[in-house]
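Reading through the structure tokens given below for one structure.
The values are calculated or read from the model by the stated rules, or taken from the named source; none is laboratory data. Bear in mind that the values here come from a model prediction, so they are computed numbers and not experimental data. For the accessible areas, the whole protein counts, side chains as well, though only heavy atoms, and no ligand, DNA or RNA atoms are used. Shrake-Rupley method; radii C 1.70, N 1.55, O 1.52, S 1.80 Å.
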Amino acid sequence: QGQWNGNNTKFFHGSVTKSGPGILSMDAGPNNSVGIIVAQGSLVTSHTATSGFITVNSGAALAGSGSWASYLAVAAGATLTPDQNGYIGTLSCSGGLTNAGAMTLQILKTTSATNADQIACTGGFVNTGTLTVIINAGTTLPFAAGDAFKLFTLTNYAALTGLTPTLP
């Protein structure tokens, strides 16, 4: 378990490795070019911006919101979700995303909102892993024909196939 508030923490070379079975929360940092390797446990981000790569190893997880200017690689056996403690979130990357693991996205419908977790990627997107869509616990209205939820914003995708259910 841990907390990293990177507002005053600057790394400019190398990488940071999250190891051990616990959860590391990273808020608003690092805003630099450090690479992040999630070797074990979970990394939960909030409003994080970095130009460094992120690699999520098998058995590890990345959750929360953030923006990466480099690539994001999720290995088979790893988990990726924009969800942060039940809140809808967006993970953005401009350097590309390769997912061989399990992506989980949630959808929400209330009287004031119809929203969904989102993966936004302006680099290449390759998915050979799985996608699970779940209903957010805050949903208060039933779903109806015509309801639409934006799960992906992709400008260059190589493999958005193999998803169940099939997306239009």
Whenever you get a sec, compute what percent of the accessible area on the stretch 81-164 sits on carbon and sulfur atoms (1.4 Å probe). 55 percent
Along the stretch 92-100, Karplus-curve 3J(HN,Hα) (6.51, -1.76, 1.60; θ = phi - 60°) to the nearest Hz, with x for Gly and Pro, reads 10, 8, 9, x, x, 9, 10, 10, 10
Given that compact globular proteins tend to follow 2.2 N^0.38 Å, what is the ratio of the alpha-carbon Rg of the stretch 95-144 to that value? 1.39
How much accessible area per residue does the stretch 40-90 have, counting only protein heavy atoms and a probe of 1.4 Å, in square angstrom? 36 Å²
